[in-house]
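Scroll down for the structure; my scribbles are underneath it.
The values are calculated or read from the model by the stated rules, or taken from the named source; none is laboratory data. All values derive from a computational prediction rather than experimental measurement. Using ideal geometry, Cβ is built from the backbone for each residue, glycine included, and neighbour counts are taken over all protein chains shown. Ligands, DNA and RNA are excluded from the accessible area calculation, which covers all protein heavy atoms including side chains. Shrake-Rupley method; radii C 1.70, N 1.55, O 1.52, S 1.80 Å.
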Amino acid sequence: MIEFQFIHILIHFQIIIYIIAVFRVLRKSKKLYLENYTGKNISSYNWLFQFTVVLTILYAVALLKNIFKFSDYPHISEGLKISLWVSSLFIFCWYLFKALNNPDLFRNVDSKLKLVSEIVVEEKSSEQPIVNEREYNEELIKLKKYMIEEKPFLNPSLTIQDISNNIGIPVRDLSLLINHQLGQHFYDFVNTYRIENAMDILKDTTKSKVTILEILYEVGFNSKSSFNTAFKKHTGNTPTNYRKNLQISDL
């Protein structure tokens, strides 16, 4: 039936457009996460991206099933249908497990947040300087002093809003200072202090018995993978090899 096939094609076309739109939103969300959050919030993006990829694969199999349904191999379509039902059950259980054990993963990004690139464009269009040199230096000194003295990076769920509230610099200005003026994502900016702190602990001979896992939690990370990635990005080495090299140099 031509009408039936046309409806199927139209539905799949709409789904493909929707999937593309979802990935575009996720790409923007990733930038917002990196510019404003650390810790569990980044894990939220990673999980949402993985979940979207899984659903996309599931849809691709469903599309393949429908193609075989209208071909000379309908038995293949039936086999794919069974595999889809089994996969859907597994994905539903995975989703439910994540929701029950990690409720923070489902918190949305603050709708008021804007990408730094958008803020810069707005500032330029208003013909006002983003920040003058004096204000920039004062705010930078204030920020670095706060990071060193108060060590807010030890909080694994630190956000740019938290720092803004504590040092009295508006989120918009603070975001421009870190993400635009310093040329770092807020995520990388905070992790730099965490890694420096971890390096100090690794250099401390009195703490040679402290494990890498204990150190990463102590300095504000909440997963070994994110700690290893950030440490290698900052030092060019893994935490374990860094400690070994320190021990060799002391001999």
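Just so you know, in the stretch 1-42 the residues that are closer than 30 Å to Ala230 by Cβ and hydrophobic (A, V, I, L, M, F, W, C) include one that is surrounded by the most Cβ atoms within 10 Å (Cβ to Cβ), and it is Leu34. No other residue among Asn191, Asn166 is polar (S, T, N, Q) and either open to solvent by 50 Å² or more (accessible area, probe 1.4 Å) or more than 26 Å from Val116 (Cα to Cα) (or both) apart from Asn166. Annotation note: of Asp72, Asp110, the sole residue that is acidic (Asp, Glu), at pLDDT below 85 and within 15 Å of the chain's Cα centre (by Cα) is Asp110. The one condition from (1) open to solvent by less than 50 Å² (accessible area, probe 1.4 Å); (2) touching a residue at least 24 places away in the same chain (Cβ under 8 Å); (3) within 30 Å of Thr159 (Cα to Cα) that Tyr45 does not meet is (2). Summed over the stretch 226-248, residues that are of a type in the set (Ser, Thr, Tyr), open to solvent by less than 80 Å² (accessible area, probe 1.4 Å) and not in a loop (DSSP other than H, G, I, E, B) total 4. Of all residue pairs spaced 6 or more apart or on separate chains, those with beta-carbon atoms under 8 Å, a first member in the stretch 191-219 that is closer than 15 Å to Thr238 by Cα and a second member that is among the hydroxyl-bearing types (Ser, Thr, Tyr) and assigned to a helix (DSSP H, G or I) are Ile195/Thr235; Met199/Thr235; Met199/Tyr242; Leu202/Tyr242; Ile212/Thr240. Scanning the stretch 48-99 for residues that are surrounded by 14 or more Cβ atoms within 10 Å (Cβ to Cβ) and either without any contact (Cβ under 8 Å) to a residue 12 or more places away in the chain or over 25 Å from Ala21 (Cα atoms) (or both) yields Ile67, Phe68, Lys69, Ile76, Ser77, Leu80, Lys81.
Yes/no per residue for (1) assigned to a helix (DSSP H, G or I); (2) modelled with pLDDT under 85; (3) more than 19 Å from the chain's Cα centre (by Cα):
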{"residue": "Phe92", "(1), (2), (3)": "yes, no, yes"}
{"residue": "Glu127", "(1), (2), (3)": "no, yes, yes"}
{"residue": "Glu135", "(1), (2), (3)": "yes, yes, yes"}
{"residue": "Leu140", "(1), (2), (3)": "yes, no, yes"}
{"residue": "Met147", "(1), (2), (3)": "yes, no, yes"}
{"residue": "Tyr193", "(1), (2), (3)": "yes, no, no"}
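Can Leu158 be described as within 23 Å of the chain's Cα centre (by Cα), crowded, with 18+ Cβ neighbours inside 10 Å and either at pLDDT 95 or above or of a type outside the set (Asp, Glu) (or both)? When the stated conditions are applied, Leu158 passes them. The residues of the stretch 1-24 that are modelled with pLDDT of 90 or more, farther than 15 Å from Ala60 by Cα and among the β-branched types (Val, Ile, Thr) amount to a single one, Val22.
Take the stretch 10-54 and flag every residue that is among the aromatic types (Phe, Trp, Tyr) and either assigned to a helix (DSSP H, G or I) or over 14 Å from the mean Cα position of the chain (by Cα) (or both). Correct list: Phe13, Tyr18, Phe23, Tyr33, Tyr45, Trp47, Phe49, Phe51.
Condition check ((1) within 20 Å of Ser43 (Cβ to Cβ); (2) not β-branched (Val, Ile, Thr)) across all residues:
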position: Leu182; (1), (2): no, yes
position: Asp188; (1), (2): yes, yes
position: Leu202; (1), (2): no, yes
position: Ile215; (1), (2): yes, no
position: Val219; (1), (2): yes, no
position: Lys233; (1), (2): yes, yes
position: Arg243; (1), (2): no, yes
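Checked against the criterion of being at pLDDT 90 or above, of a type in the set (A, V, I, L, M, F, W, C) and within 27 Å of Ile119 (Cβ to Cβ), the stretch 225-236 has at least one qualifying residue.
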